[in-house]
Amino acid sequence: MANINAPKGVPDYVPPRSRDFLRVQEQLSSSARLSGYEYIELPVFESTELFERGVGTSTDVVQKEMYTFTDRGDRSITLRPEGTAGVMRAVIENRLDKGALPVKLWYRGPFFRAERPQLGRYRQLQQVGVEAVGSVDPIIDAEVIALADQAYRSLGLNDFHLDLTSLGCSQCRPAYRIKLQEFLGTCDLDQETKERADLNPLRVLDDKREIVSSQMIDAPLMIDSLCSQCQEHYDQVRDFLRIFGVQWNEAPRMVRGLDYYTRTTFEFVHPGLGAQSGIGGGGRYDGLMAELGGSELSGIGFGLGVDRTLLACEAEGLTPFRSRILDVFVIPVGDQSREPSVSLLVALRAAGIAADVCVDNRSIKSAMKAANVSNAPLVIIIGPDELSSSSVIVKNMTSGDQQSLPSEPGTLIPAVQETLRNLQAENRKEDQS
RNA sequence: GUGGGUGUAGCUCAGCUGGUAGAGCGCUGCGUUGUGGUCGCAGAUGCCGCGGGUUCAAGUCCCGUCACUCACCCCA
């Protein structure tokens, strides 16, 4: 019988790498929690119309990358390709836009895009994102960017940079757009690119193909055509970024792939993971809420790619993260010890100690081997001798020392906790030195 | 959608100009009596991606196919 494989382009994270994946995801989201953002849990699929209106029909994402199907009620449903549109829908639907502003939210989970997979680009991708809705204050722009920066740094990442620009607003962008289109009309472009120039001329600016990019050197830039309000906003964003201690590159040719971005736009780039170098990005969106039927509120947000951030960590040699899965590994020796061992296991876990037990009646030698593989710092051995003296052996796997302790949980559990605390303290000392 | 690469043990891979498979790591056991990590010894495991062709003979050559992968477009 033929094996069933995973669908094309979806990653499996299996141990031990799945630990690193979890660690990255948790670290990224803890940065948002630390900044006072509240969690929002959203569906993985939405009405197709939400993305068509929110993300924009001119984008590649909507035109050719969505997983769209008809449900049993004949409704058109799409697996979410990005997070912002869904958050806006939920904000409007739950009237959060009528309450205290700004609304600060974070989310995480899978997103889906039917692209050809390659390193760091998957059809199911994991993101952690934040959105701050209802303020145009440049402090928020800077905070959101700083938050992302902090998230990466908290993982130990160093070798990344931040590209930053402003895309203008509904006041100044249309005029620039016409200017750019006039310029593009003088360029020698292939058919597909001409169509793109028509639909969304800004996207031609950051085409990586030499034949195109060489012609873009003299192209007019949005950053030179900002209206006075956008210019002032951008200046202030940069002022506050300095206060947040965030460094950036001016990236006037950077364009994001989603239609809704206005003003502040940014992307974090890491050179260590092949062609898909963006590990996170986002920007401000002025018209999105209104477009989706909500209040006329501006928002700003970003998505951090968990998959790519993990690759970045690996590229910098930060993984595997040293995370201990088990505190104690319990070894029963002989049939009579099986029940007391499980009782002890229950007591350990109830006390918040991560514990596992050796099963299958393995020989003590083989059980010790399993204990070693488990990486648990402590092993508790219960055999006939211990049963008859109401004791257990607690062995420190690092030093090899072991001692006999009374098996009565009221004294054993605190003793184990104490030992674990001491071990932790030792580890911390080693990390510092 | 377009182009390149690769498919051999659980993993990483070797296998030159065709003669029906190997290494390292891992795994299991042993090194006597209830103790892991190091070391030594022993052992298990492969439809050599799949289908067809050439040949006395194919992992090795040819064709097809599928999968994976990298890159373009685009994006996290």
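The values are calculated or read from the model by the stated rules, or taken from the named source; none is laboratory data. Given the structure is predicted, the values throughout are model-derived calculations rather than measurements. So basically every Cβ, Gly included, is an ideal-geometry build from the backbone, and we count neighbours across all protein chains shown. What goes into the accessible areas is simple: the full protein's heavy atoms, side chains included, and nothing from ligands, DNA or RNA. Shrake-Rupley method; radii C 1.70, N 1.55, O 1.52, S 1.80 Å.
Some notes on this structure:
- For chain A, averaging the sequence separation of C-alpha pairs within contact (under 8 Å, six or more residues apart) and dividing by the residue count gives a relative contact order of 16 percent.
- Residue with peak Gaussian network fluctuation, chain A [Cα springs, cutoff 10 Å], from A:Lys179, A:Lys365, A:Lys194: A:Lys365
- Placed amide H near A:Gly109: partners under 5 Å, 5+ positions off or other chain: A:Gln127
- The spacing between region A:336-381 and region A:144-191, judged by their C-alpha centroids, is 55 Å.
- Stokes-Einstein translational diffusion, region A:289-433 - Kirkwood Rh over all Cα pairs, 0.890 mPa s, 25 °C, in µm²/s: 136
- Dimensionless Rg over Rh [region A:139-246; C-alpha; Kirkwood]: 1.06
- Amide H contacts of A:Gly168 (H built 1.01 Å from N, in plane; Pro and chain starts excluded): A:Arg263 sit under 5 Å, all sequence-distant by 5 or more or on other chains.
- Low-density loop cleavage sites - GluC sites (Glu not before Pro) in region A:1-70, where at most 10 other Cβ are within 10 Å (DSSP): A:Glu41
- The amide H of A:Tyr67, built 1.01 Å from its N in the peptide plane, has A:Leu79, A:Ala114 as neighbours under 5 Å, considering only residues 5 or more places off or on other chains.
- Working from Cα pairs under 8 Å separated by at least six residues, relative contact order for region A:117-237 is 34 percent.
- Per residue, chain A reaches -12000 deg cm²/dmol at 222 nm when only DSSP H runs of four or more residues are counted, each adding -39500 (n - 2.57).
- Max mean-square fluctuation residue, GNM over chain A, Cα-Cα springs under 10 Å, options A:Glu339, A:Glu93, A:Glu291: A:Glu339
- Mean accessible surface per residue for chain A, computed with a 1.4 Å probe while every protein chain stays in place, in Å²: 50
- Square roots of five times the Cα gyration tensor eigenvalues for region A:173-300, Å: 25, 20, 16
- For region A:408-422, 3J(HN,Hα) per residue [Karplus equation, 6.51 cos²θ - 1.76 cosθ + 1.60, θ = phi - 60°, Hz, x = Gly/Pro]: 4, x, x, 9, 5, 4, x, 5, 5, 4, 4, 4, 4, 4, 4
- Contact order relative to length of region A:328-432, as percent, for alpha carbon pairs under 8 angstrom and 6 or more apart: 26
- Furthest towards positive pole of dipole, A:Ala347, A:Leu297, A:Ile364, structure part region A:293-389, Cβ charges: A:Ile364
- The dipole here belongs to chain A: it is taken about the Cα centre, uses +1 on the Cβ of Lys and Arg and -1 on the Cβ of Asp and Glu, and is about 700 debye.
- A DSSP coil position with no more than 13 other Cβ atoms inside 10 Å describes the following trypsin sites (Lys or Arg not before Pro) in region A:2-84: A:Lys8, A:Arg72, A:Arg75.
- Rounded percent of accessible protein surface that carbon and sulfur make up, chain A, 1.4 Å probe: 49
- Volume of the Cα convex hull of chain A, divided per residue and given in Å³: 212
- In this structure, the pairs whose alpha-carbon distance is over 27 Å, taken from A:Lys64/A:Lys194; A:Lys104/A:Lys208; A:Lys8/A:Lys64; A:Lys64/A:Lys208, are A:Lys104/A:Lys208.
- Alpha carbon convex hull of region A:122-187, volume per residue in cubic angstrom: 188
- Max mean-square fluctuation residue, GNM over chain A, Cα-Cα springs under 10 Å, options A:Gly73, A:Gly293, A:Gly272: A:Gly73
- Across all Cα atoms of region A:1-85, the radius of gyration (one decimal) and Dmax (whole number) stand at 17.0, 52 Å.
- Straight-line cross-link reach from A:Lys365 at under 16 Å between alpha-carbon atoms covers these lysines, not counting any fewer than eight positions away in the same chain: A:Lys395.
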